[in-house]
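The values are calculated or read from the model by the stated rules, or taken from the named source; none is laboratory data. Since this is a predicted model, take the numbers as computed values, not measurements. For neighbour counting, all protein chains shown are included, and Cβ atoms are generated from backbone atoms with ideal geometry for every residue, glycine included.
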């Protein structure tokens, strides 16, 4: 696991976890609103980003990832910090906050879910993830075939709002093509929604302030976030206009200001 982006040490640390096929670079829009008050840790999750980080073991599991993230915070000298996660990163952030609750002063979840409750639905998702992983296993970084895969990926219903943002879509595909598809496949097998347990029944344990963000044009995650809002003891829900599943990339200034205001109040 590599730190794709980090900023000089300061009084408050923020750990940011990107989504599937993303990288720490996805968070580059955030620091402008914070000045010198915060230090940002933006690691590339296993299977993502740098060439070194692509060589992940088939034995990779959630426990290993959570321990590595906690160790990274130790190395940074951060006893307590804010935690931000998007999609896959949000799912991992929830597990991390529940595993090490005293490490985190607050939590921000962007287009994130606690998992799939129904065991049969989770099994079906795991099968679908395995089919996707097998497809990724046949591809290589920066190839035409991988580009075609990504074009289809961003045409999924959950990314409908990107159809109106062709420049952003091209930028995302260019970035994502740097990944190693087989490494992404292993990450999907180890950390996918079909593999990780549901945390819906544990949300009441999170007593820290939580900010939930969803894009208005992403009805699935508006619904998930609204339900989480009702179950979390100290949650705030923000639905951002003009965005879908990727509000931090589609409306970065709005998302940045929303996160900044929350962190200043609670972290």
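Could you tell me which residue of the stretch 1-17 is nearest to residue 262 (Cα to Cα), considering only residues that are modelled with pLDDT of 65 or more and surrounded by fewer than 21 Cβ atoms within 10 Å (Cβ to Cβ)?
Among those residues, the one meeting the criterion is 12.
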**Report entry** Residue check, residue 69 closer than 30 Å to residue 262 by Cβ, touching a residue at least 40 places away in the same chain (Cβ under 8 Å), part of a helix (DSSP H, G or I) and under 21 Å from the mean Cα position of the chain (by Cα)
**Finding:** yes
Query raised in the report: Can you tell me which of 20, 40, 29 is surrounded by 17 or more Cβ atoms within 10 Å (Cβ to Cβ), assigned to a loop (DSSP other than H, G, I, E, B) and either out of contact with any helix residue (DSSP H, G or I) (no Cβ under 7 Å at 6 or more places or on another chain) or modelled with pLDDT of 75 or more (or both)?
Result: 20
Query raised in the report: (1) in contact (Cβ under 8 Å) with a residue 24 or more places away in the chain; (2) surrounded by 15 or more Cβ atoms within 10 Å (Cβ to Cβ); (3) in contact with a strand residue (DSSP E or B) (Cβ under 9 Å, 6 or more places away or on another chain): which one isn't true of residue 193, the others all being true?
Result: (3)
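Given the criterion surrounded by fewer than 16 Cβ atoms within 10 Å (Cβ to Cβ) and either at pLDDT 95 or above or out of contact with any strand residue (DSSP E or B) (no Cβ under 6 Å at 6 or more places or on another chain) (or both), identify the matching residue among 181, 233.
Values: 181 fails: surrounded by fewer than 16 Cβ atoms within 10 Å (Cβ to Cβ).
When all the criteria are applied, what remains is 233.
Sort out which residues of the stretch 56-73 are at pLDDT below 75 and exposed (fewer than 13 other Cβ atoms within 10 Å of the Cβ), and write them in order of number. Lay out the reasoning, then the answer.
Residues of the stretch 56-73 at pLDDT below 75: 56-59.
Correct list: 57, 58, 59.
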